[in-house]
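Computed from the coordinates by the stated procedures, all read-outs in this text should not be read as laboratory data. All of these numbers come straight from a predicted model, not from anything done at the bench. Glycine gets a Cβ as well: all are built from the backbone with ideal geometry, and neighbour counts include every protein chain shown.
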Amino acid sequence: KVDSTPAVEGTWHWVDDKELHYRPKEYWPTGATIRARSNLDGVKISDRMWGGKVKPLKITTGDQVIAVTDAATHQLTLYRNGEEVRSIPVTTGKPGYETRNGVKVVLGKEYFVRMRGTSIGIAEGSADSYDLPVYYATRVTWSGEYVHAAPWSVGSQGYANVSHGCTGMSTANAEWFFDNVREGDVVKVINSYGNTMESFGNGFGDWNLPWKSWRNGSALIAGTPDGPSPSERARLRPQSV
């Protein structure tokens, strides 16, 4: 069970038969106290999975930080608690390497990353090949999308999209961004020609699933028009023994 102060609308979603996520309908508010607890001790979840004892979890959210990158205007704007803090000229993915649209979250921050084109399938020595030292790298997907310093493209930042999918900015701006976001903060891309961020498997793209679809994956709303089918409920419901 998950509850919060202030109360928000939220529910669970089964990603598959082994992974369960919880999220509210809207982003968590600033300063929310969230409590999660489980009573699955001794409950058979699947043929090879049993629930065990779990300590209650209590967390409090900090500032609500949302970075919005507009690939059409080549600007990243960071908002804190609904107020605009800074707008930064950027470059995103060029044709053939378009940056994913949609909502991602910060997965981690690395001061230095060596980025190679071979890591995303670009043949070494080809026209698009690269091998670069990159600083102030804020990761947003497991497949290698970052917000990072790109001093080599400063002339295009704010004007054109020339990257291989990452969001590039000046070193000074990348350092500022690096210092002002934390793991879990929202990084949203709009107006790119790229695909939409995956909901699962490449980071935390849960926010990209429409609320109705999210609710469809919850065994907690069985019997409602948006609820899972009887066969799905049978698969999702833990078996008590």
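Overview of values
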quantity	calculated
Separation in nanometres of the label points that stand 7 Å from Cα toward Cβ, at residue 7 and residue 126	5.5 nm
Helical mean residue ellipticity (222 nm; -39500 (n - 2.57) per DSSP H run of 4+; nearest 500) of the chain	-2500 deg cm²/dmol
Kirkwood Rh in Å, taken over all unlike Cα pairs in the stretch 65-190	14.3 Å
Calculated log₁₀ intensity ratio I(q)/I(0) where the Debye formula runs over C-alpha points of the chain, q = 0.08, 0.16 Å⁻¹	-0.38, -1.13
Dipole-positive endmost among 125, 166, 90 within the stretch 65-190 (Cβ charges, Cα centre)	166
Total formal charge among the other residues, if their Cβ is under 11 angstrom from that of residue 183, Lys/Arg +1 and Asp/Glu -1	+2
When each of 44/188; 44/109; 18/212; 58/104; 104/212 is checked by Cα-Cα distance, pairs over 28 Å	44/188; 44/109
Exposure proxy order (Cβ contacts within 10 Å, fewest to most) of 91, 99, 60	60, 91, 99
The chain: relative contact order in percent, alpha carbon pairs under 8 Å with at least 6 residues between	23 percent
Relative contact order (%) - criterion: Cα under 8 Å, at least six apart; region: the stretch 65-190	36 percent
Residue-span extension gain [residue 193 to residue 160] - 0.36 nm each, minus C-alpha spacing	10.5 nm
